[in-house]
Structures are given as C-alpha cells and as structure tokens.
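Below is one structure, written out as structure tokens; comments come after it.
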Amino acid sequence: MANAAEQLPRDLVEEISSYCSPSTLASLALVQKKFQHEAERKLYSSIVVQTNTSSITILETLGSNQRKAESVLFLQMEDAYDPDPLALEIFLSILPKLISLRDLRIRLYMIPEEGRYDRLSKSTQDTADNIRTILKARYFTLHTLFCNRWLDLLDIVQSQGSLDILGMYDFDECIDPETLRLLEYLHTVPHGPIPFSVGRDTAAQVLHMLGLFPCFGLPLSADTYKTIVSAMDRDRGQRMELSREVVGSVCLFFENFNSIHCDGYLTRIISDMATFFPNIEILMLQAREPSQLDLTKIKTSIAPLRKLVAFECFGWQGDPNRLPGWGDPPNAIDLGEKLHYAQEWEVVCPKLCIVWFSDYKRVKKRGSLWMEA
C-alpha cells in the first residue's frame, strides 16, 4: 500500500487532500511521506490565532519552520481579552516570514491611556506601530486586509498596492479625520481597494454593522456587494462572527442628498443591498453637505427592506470639514409631515417603528400610532 501511495500523481494527492479535515491532514502528514508536503500545505494555508497562551504552540511552529510559514495564505488574529505578551511577541516575530500571505485580518482591542479616551496606551500603540511597520515593509502582497482604523491605514494602503478589499473594524457613524484622509486618497486611485467598515454594539457578539462610502466613488453595484460578501464569508473569527446573515445595520455615507434619486440610484443600490444582506433592520443615510432628502421618493427606495425597523437620515458626524447648516429651519419639516411620511413608509416596511429626520428629531410608533419621540 505504501508503494501504491507513492505512485499517486500529484494532482490526485491535491484532490484527496482537499476533502480532508484538519485532523486528517495532520495524520496524513505524519504517517505518509507522499502526502506530507500537500497535507501540510493545506493544513497551514489558513490559520486563526488569538493573543493568548493557547496559540503559542502554532505560532512557535510557524516561527521555527519556514516551509510551513510559507504555506500560510490566510491569517486571522483576534486580540484576547487578557492577552499573553509572549503570544503577541511571537505573532509579531513570525508575521514577516509569511511571504505567501494574501488575506490578513487583525482585530485588536484598543486600550486607552489611563484617564484618556483619545489616545492609545503605550502597549497598544507599540503593537500598532510594529504591525504598521511590517505591513509597510511588504514582506508579502496582500489582496484582502481587515484591521483596526487606528493603524494609520493610509500608509499601509499606499504600501500594499495590490489590495482589493479593505475592511475596517471599529464601525462608527462618525468619519474621523484619519479615515477621511484615507477615503479621499482612495478616491484618487484608479484601482484601489473597496473600503468598508464593520462593527458591533457593545453587547453584541457578532459584527452586525456595515458602513459603505459611495461619497468617495465606491460603485455600489451588485458586483461590489458580491465582493464584500465573499470577503465576509471567508472570515473565521472565533469571538465575533462576520457574515452576510448577521449584518443588520447599514450606514451609507453620501456627499449630499441632492442627486441620489437620479436615475433610480438610491433605489437600485438598496435593492442590490437587500439581495446580499437579507436581514437589515436599520438603515442610515448620511450626507456630508447640508441638503434636503426627497422624502417623496423614499418609499420606493426602501421597499425591498421588509425587515426594516429604523430609518435615519442626517449629516455626517465628526467631520471637521462638514459645512454648517444641519438642523437649521430650511432643512426641517414640521411634525405633521414627519408623521405622514413615517406612516407611508410603514406600508412597505411593516416592522418600521422609528424614523430620524435631518433635523435630528425623530418620530416613533407606539401601539398603532406614530408620535413625536
């Protein structure tokens, strides 16, 4: 039998290995020399680790065996709630050895400086600096990158010129100045990555919030959604699930509301969105410039979102360049009109029960009646 196995062609060995579980691959690598290289290549092609003691063995294996390190195509690292400094140190030391890496996902917990929430602690900042230095050095050529926004992504994106996907953890309804610089840069790059953000509410155990940026030339077509969903479906996070099924809240950032109804643009992108993300319960439309959304056309646009519970439309938060004017009387409508539109939209979205308008005031359904909240 051993001789027969030795005579198997390589493509058949690859085919057999593709059907094996990780435990079976590990056994094959130990007991059958013919299968060892292919089994190890498959076994180490996709690695998920955390910065805790349980991950030290696999990290040390990669650090001591260059052939296995070069097999890694996908690496996902989740920061543990109580990280082991040794695990983090080994992770940073082996990262440059993963020269075949194409998909990297690093989610770190932001530990603020004591007494400050606008500045990282020294240990967190040192980790961020080390990761940024490695990514800028181009030890590997990434096509997909998921990481925290505070890693100074502009420098990383400029160094990793082959990126197709840029997923940013730490979803926020705000666009901070650094993220704004990044998005403005991507708008000038002909073949830059598709940027989006993902995040969660404090108590949630899934990454259910998604931010998209059509204001910076991101073409929100069916192909764009398909690419984003494909990247999500490859995720192997153990602490936080990320997939199309768990996305329940979407925020679309526009330059202004004046032209989003032209040629059915908003209707089209929401219809495609509903196809790829079937469980959306919250939809937020945000505009950078003061502008009036054509509320008469919203009913048609949101109709595909049958599970919609909350709809919001107002100005960007946190943009230092945002023009004044949001909430001023020219952008406001009276309470009667707000109640009318909420009732109209409820016809196509029967679960709708709260609506925020551009003057930051809302109406809410209580029982069978809509009223000011």
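The values are calculated or read from the model by the stated rules, or taken from the named source; none is laboratory data. For clarity, every value in this text was computed on a predicted model and none was experimentally measured. Ideal geometry is used to build each Cβ from the backbone, glycine not excepted, and the neighbour counts take in all protein chains shown. Quick note on the areas: whole protein, heavy atoms, side chains included, nothing else; ligands and nucleic acids left out. Shrake-Rupley method; radii C 1.70, N 1.55, O 1.52, S 1.80 Å.
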Notebook entry, point to check: Given labels modelled 7 Å from the Cα in the Cβ direction, how far is it in nm from residue 262 to residue 351?
Noted result: 3.4 nm
Notebook entry, point to check: Taking 0.36 nm per residue of separation and subtracting the Cα-Cα distance, what length does fully extending residue 154 through residue 189 add?
Noted result: 11.4 nm
Notebook entry, point to check: Would you list 370, 345 from the most to the least accessible area, probe 1.4 Å?
Noted result: 370, 345
Item checked: Simple label model, 7 Å out from Cα along Cβ direction - residue 300 to residue 109, nm -> 5.0 nm
Item checked: Accessible area of residue 347 in the full protein assembly, 1.4 Å probe (Å², nearest 10) -> 100 Å²
Note to self: Under 13 Å between alpha carbons, and skipping anything fewer than 8 positions from residue 136 in its own chain: which aspartates and glutamates qualify?
What the structure shows: 152, 155
Next item on the list: Please label the shape of the range 55-108 as rounded, prolate or oblate, based on the square roots a ≥ b ≥ c of the eigenvalues of the alpha-carbon gyration tensor (a/c under 1.5 means rounded; beyond that, a/b larger than b/c means prolate, else oblate).
Entry: oblate
Margin query: If R₀ is 35 angstrom, what is the calculated FRET efficiency for the pair residue 37 and residue 202, using the beta carbon separation as r and rounding to 0.05?
Written below: 0.15
Next item on the list: Give, in nm to one decimal, the length gained when the segment between residue 181 and residue 46 is fully stretched (0.36 nm per residue of separation minus the Cα-Cα distance).
Entry: 45.4 nm
Note to self: If amide hydrogens are placed 1.01 Å from N in the peptide plane, which non-local residues have theirs closer than 5 Å to the one on residue 287?
What the structure shows: 254, 314, 315, 316
Notebook entry, point to check: Quick one: of the DSSP bridges fully inside the range 68-223, what percent are antiparallel, nearest 5?
Noted result: 20 percent
Notebook entry, point to check: How much length, in nm to one decimal, is gained on full extension between residue 126 and residue 343, taken as 0.36 nm per residue of separation minus their Cα-Cα distance?
Noted result: 72.9 nm
Next item on the list: Calculate, for the range 192-285, the solvent-accessible area per residue in square angstrom, rolling a 1.4 angstrom probe over the heavy atoms of the protein chains.
Entry: 38 Å²
Checklist line | With every protein chain in place, the range 163-278: carbon and sulfur % of accessible area (1.4 Å) | finding: 49 percent
Next item on the list: For the pairs 299/351; 226/338; 226/365, note any where the Cα-Cα span goes beyond 25 Å.
Entry: 226/338; 226/365
